[in-house]
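Participant: Questions regarding the structure given below will be posed in turn.
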Amino acid sequence: MKVLVINCGSSSLKYQVLDMDGEILMAKGLVERIGLDGSVIKHEKVGRDKFVNETPMKDHKEAIKQVLDAIVDQDHGVLKSMAEIGAVGHRVVHAGEKYARSVMITDDVIKALEECVELAPLHNPPNLLGIAACKELMPDIPMIGVFDTAFHQTMPPESYIYAIPYDYYTKYCIRRYGFHGTSHKYVAQRASEILNVNLDDLKIITCHLGNGASLSAIKRGKCIDTSMGFTPLEGLVMGTRCGDLDPAIVSYIREKENLPFGKVNEILNKKSGVLGISGVSSDFRDLEDAAAEGNERAQLALKVFSHRVRFYIGAYIAEMNGVDAIVFTAGLGENSINMRDIICNDLGNLGIKLDLVKNRIRGKEAIISRDDSPVKVILIPTNEELMIARDTVDIVTGKMPK
Ligand code: AMP
């Protein structure tokens with residue numbers, strides 16, 4: 001079956017076409033500046049050619065029309081007609097407590113996702129626009145929703161309940177949800193395959209370290225804790241997000257700087273993290289360069305970042321009473337030799353022994369711990385699109401319930 005995977009942002013859209021008979025990526029692309037001047041589609045027929053087409057796209061429907069045209073284009077396309085698409089898999093960020101797995105998108109599902117808009121005001125609205133546009137353009141093709149929050153729904157209450165009046169949980173659904181679930185799930189499954197050990201017999205800590213970053217504790221294939229919370233602001237220090245903070249700081253900054261609440265929120269989301277500490281950049285490549293040149297605040301930012309990752313690794317080892325594998329993934333986790341080295345440094349008493357030679361690798365699956373390391377450290381490039389396509393096929397073919 002050929003599957004189209006759609007990941008809609010507010011003004012951008014990423015897509016892939018996969019032939020799931022052999023899990024082969026056929027085409028992928030990116031539409032940018034939807035609804036703005038200079039809308040553009042960048043399409044790649046994988047391994048063959050790329051094309052860029054700047055053409056006005058006033059909304060998501062027009063963007064998806066361009067995607068479909070590109071997919072069936074005589075020169076750059078990979079399908080003869082749209083009828084070859086067996087199903088569409090949509091990445092949706094927030095499904096609240098409603099869905100603990102992927103589902104077929106029905107009117108009821110759309111209603112439930114609309115109810116989650118308040119919980120993910122930046123993400124769910126464009127996700128829903130993408131679904132609506134696809135339903136209009138491909139009314140007969142099944143659509144599947146794959147949710148970032150779903151994998152974390154197995155967390156026990158002690159992991160997701162905040163110590164605030166319980167009414168806020170029941171009235172406003174304030175609890176820890178967690179994000180990046182599709183990525184955590186994918187790399188945990190791959191770790192089990194690479195180690196040739198059943199997921200049921202493994203305790204894994206997955207470190208998704210990108211611009212956004214989160215860790216998950218995965219015991220017997222189920223997420224039992226994760227570092228992001230009610231929103232993706234909690235947990236690790238990130239590119240521009242503060243991560244864990246004493247909540248009293250919010251009102252303190254607001255008073256001292258005489259700021260409206262919205263502004264404080266913006267500072268914590270966009271001006272904090274390693275950018276805020278270093279004043280250099282949110283991009284870890286820039287930070288590593290600056291740190292190497294002696295920039296002390298860049299050095300400090302990297303130390304604070306790695307300190308928090310180590311802090312969570314320690315916490316999750318305690319929660320699971322041990323760990324069998326630590327997985328690094330996403331932009332920084334897959335590519336930064338230096339950061340993996342700092343994070344794993346001097347953890348021998350916990351059974352974590354990184355092999356400094358094997359660690360000299362980027363973007364490829366590899367076990368990077370020493371042969372005598374009781375805990376395996378594994379580098380696994382994430383592949384959320386493949387995970388979305390797998391769930392899509394499983395639901396359409398009845399392997400997974402609708
Ligand atoms: P992602 O959000 O997964 O796309 O990851 C983006 C982050 O990965 C950026 O902050 C980059 O700084 C970081 N990154 C990508 N490549 C490298 C690299 N070679 N060394 C260090 N950081 C990298």
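Participant: Need one value: the accessible area of ASP371 in square angstrom, 1.4 angstrom probe, rounded to the nearest 10.
Facilitator: Result for ASP371: roughly 130 Å² accessible.
Participant: Mind checking the dipole of segment 288-402: about its Cα centre, +1 per Lys or Arg Cβ, -1 per Asp or Glu Cβ, Debye to the nearest 20? Intermediate results must be reported in sequence, preceding the final value.
Facilitator: Numbers: 15 positive and 17 negative charges, 28 e Å.
So the magnitude is around 140 debye.
Participant: For the chain, with a Gaussian network of springs between Cα atoms less than 10 Å apart, report the residue from LEU13, LEU128, LEU347 with the top mean-square fluctuation.
Facilitator: LEU347
Participant: Also, I was wondering about something else. With a 1.4 Å probe and all protein chains left in place, how much accessible area per residue does segment 77-192 have, in Å²?
Facilitator: 43 Å²
Participant: Distance between the C-alpha centers of segment 108-183 and segment 51-78? Whole Å please.
Facilitator: Spelled out, the Cα-based centre of one part sits 28 Å from the other.
Participant: Continuing with the same structure: What FRET efficiency would be calculated for the residue pair ILE249, ASP37, taking the C-beta separation as r and a Förster radius of 45 Å, to the nearest 0.05?
Facilitator: Here the calculated transfer efficiency is 0.70.
Participant: Report the gain in length on full extension from ALA163 to ASN321: 0.36 nm times residue separation, minus Cα-Cα distance, nm rounded to one decimal.
Facilitator: 54.5 nm
Participant: Which percent of the accessible area of segment 149-205 is formed by carbon and sulfur heavy atoms (probe 1.4 angstrom)?
Facilitator: The value for segment 149-205 is 51 percent carbon and sulfur by accessible area.
Participant: Moving on to the next point. Going by accessible area, probe 1.4 Å, with all protein chains left in place, what is the ranking of THR392, THR55, largest first?
Facilitator: On the way: THR392 0, THR55 35 Å².
Heavy-atom accessible area, descending, gives THR55, THR392.
Participant: Please report, as a whole percent, how much of the solvent-accessible surface of segment 335-402 comes from carbon and sulfur atoms (probe radius 1.4 Å).
Facilitator: Here it works out to 49 percent.
Participant: State, as an integer percentage, the relative contact order of segment 153-284 based on alpha-carbon contacts under 8 Å between residues 6 or more apart. Each step should come with its number before you reach the end.
Facilitator: On the way: 203 pairs, mean separation 26.1, N = 132.
Normalised by residue count, the contact order of segment 153-284 is 20 percent.
Participant: Right, something else. Mind scanning LYS28/LYS58; LYS303/LYS353; LYS14/LYS376; LYS2/LYS203; LYS14/LYS50 and naming the pairs with a C-alpha gap bigger than 25 Å?
Facilitator: LYS14/LYS376; LYS2/LYS203
Participant: Provide the per-residue ³J(HN,Hα) series for segment 60-69, in order, calculated from phi with Karplus coefficients 6.51, -1.76, 1.60 and θ = phi - 60°, each as a whole number of Hz, with x at glycine and proline positions.
Facilitator: Per residue, the Karplus-derived 3J(HN,Hα) values read 5, 5, 5, 5, 5, 4, 5, 4, 5, 4 Hz.
Participant: Could I ask something else about it? Among THR154, THR382, THR170, which one shows the biggest mean-square fluctuation in a GNM of the chain, springs joining Cα atoms closer than 10 Å?
Facilitator: Comparing THR154, THR382, THR170 in a Gaussian network model of the chain, the most mobile one is THR170.
Participant: For LEU259 and ASP286, calculate 0.36 nm times their separation in residues minus their Cα-Cα distance, and state this gained length in nm to one decimal.
Facilitator: Details: separation 27, 0.36 × 27 = 9.72 nm, distance 3.01 nm.
That pair, LEU259 and ASP286, stretches by 6.7 nm at full extension.
Participant: A further question follows. In whole percent, what relative contact order does segment 11-52 give with Cα contacts below 8 Å and a gap of six or more residues?
Facilitator: RCO, segment 11-52: 31 percent.
Participant: What ³J(HN,Hα) values, in whole Hz, does the Karplus curve 6.51 cos²θ - 1.76 cosθ + 1.60 give for segment 394-400 when θ = phi - 60°, with x put for Gly and Pro?
Facilitator: My calculation for segment 394-400 gives 4, 6, 5, 8, x, 5, 10 Hz in order.
Participant: Using a probe of 1.4 angstrom, how much of the accessible area of segment 49-111 is carbon and sulfur, in percent?
Facilitator: Carbon plus sulfur share of accessible area: 47 percent.
Participant: Could you derive backbone 3J(HN,Hα) for segment 245-251 from the dihedral phi with the Karplus parameters 6.51, -1.76 and 1.60 (θ = phi - 60°), listing whole Hz in sequence and x where the residue is Gly or Pro?
Facilitator: The phi angles translate into 8, 5, x, 5, 5, 4, 6 Hz.
Participant: Which of LEU36, LEU354, LEU113 moves most in a GNM of the chain, Cα contacts under 10 Å?
Facilitator: LEU36
The values are calculated or read from the model by the stated rules, or taken from the named source; none is laboratory data. Being a predicted model, the structure only gives us computed values, none of them experimental. Neighbour counts run over all protein chains shown; Cβ positions are idealised from the backbone, glycine included. Surface accessibility is based on the protein's heavy atoms, side chains included, excluding ligands, DNA and RNA. Shrake-Rupley method; radii C 1.70, N 1.55, O 1.52, S 1.80 Å.
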